[in-house]
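What follows is a short report on a single structure.
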Amino acid sequence: MTLQRLWSYVAISLPIIFIVGLLIVVSQNPWFSFKGNALSDMGSIRNPVNYYFNGFLMVFAVIGFIASIGALRRGLSYLMPLAMVLLFLVGVFPEEYAPHAPAAVFFYVLALADIAIVGIKLGRNGLSAGYAWSVLAVLTFVLMLYLVKAGVFKGLAIPELVGAATILAWFVYIGLLQLKGFKL
């Protein structure tokens, strides 16, 4: 197996890793509410089992970094490796520490910006689905902002998961492109 194929399989597996990891973390935090909490509440220094969330986030970020480097080498990413570094920092610094919030916000900004930029590049290179990904990235960002600003939910977990869903779907898409040998 080539390194490029390995990167592709890692990218495709990210949603499964995320779902399994999140289920494990939530099972260790029965007080957690998707409507009433932020995901990072499970990593709070006040939570005696915060290491489940923070550890999961750091491991997931490393795996995502590996996948994003593979995409970068094929011209299918620009900002995602840096976004994954920021996600790692979200796990390093619980929500009570100053670097946490900017790292979390900029993770989403960079990841969704990367999808929009690469989507446009894909569209210009003949893959019309690329433009759809760009629009989806922008719509996801706007929806996340709306859900937060309008106070639709008491917590941030639902808006965070909206962004995560788009990012994870994108990894599957670029992983499949790479398996087909696509390169920009």
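Computed on segment 74-165, with alpha-carbon pairs under 8 angstrom and 6+ residues apart, the relative contact order is 21 percent. Compute the signed sum of charges (Lys and Arg +1, Asp and Glu -1) over the other residues within less than 14 Å, Cβ to Cβ, of residue 137. Spelling it out: positives minus negatives among the neighbours equals 0. Over segment 1-160, Cα pairs under 8 Å with separation of 6+ residues give a relative contact order of 23 percent.
Probe of 1.4 angstrom, ligands and nucleic acids ignored: what's the accessible area per residue over segment 1-45, in square angstrom? Write out the running numbers ahead of the final one.
Details: 2360 Å² over 45 residues.
Value for segment 1-45: 52 Å² per residue.
Taking label points 7 Å from Cα along the Cα-to-Cβ direction, residue 161 and residue 13 give a separation of 2.4 nm. Any chance you could check the Cα centroid distance between segment 146-184 and segment 76-138 for me, in angstrom? Segment 146-184 and segment 76-138 have Cα centres spaced 9 Å from each other.
Model label sites at residue 5 and residue 51, defined 7 Å from Cα along the beta-carbon direction, differ in position by 3.8 nm. Here the accessible area of segment 31-149 is 74 percent carbon and sulfur, with a 1.4 angstrom probe and all protein chains present.
Less than 15 Å Cβ to Cβ from residue 45, Lys/Arg counted +1 and Asp/Glu -1: what total charge do the surrounding residues give? It would help to have the intermediate numbers written out before the result.
Details: positive: 46; negative: 41, 95, 96.
Value of the local net charge: -2.
Extension gain, residue 132-residue 146: 0.36 nm per intervening residue step, less the Cα-Cα distance, totals 3.0 nm. Local charge for residue 157 was computed over the other residues whose Cβ lies under 12 Å away, with Lys and Arg +1 and Asp and Glu -1, and equals 0. Taking the average, over residues, of other Cβ atoms within 10 Å as the packing measure, peptides 116-127, 20-31 rank 116-127, 20-31 from highest down.
The values are calculated or read from the model by the stated rules, or taken from the named source; none is laboratory data. As the structure is a computational prediction, the values presented were derived from the model and not from experiment. When we count neighbours, we look across all protein chains shown, and the Cβ atoms used for this are built from the backbone with ideal geometry, even at glycine. Surface accessibility is based on the protein's heavy atoms, side chains included, excluding ligands, DNA and RNA. Shrake-Rupley method; radii C 1.70, N 1.55, O 1.52, S 1.80 Å.
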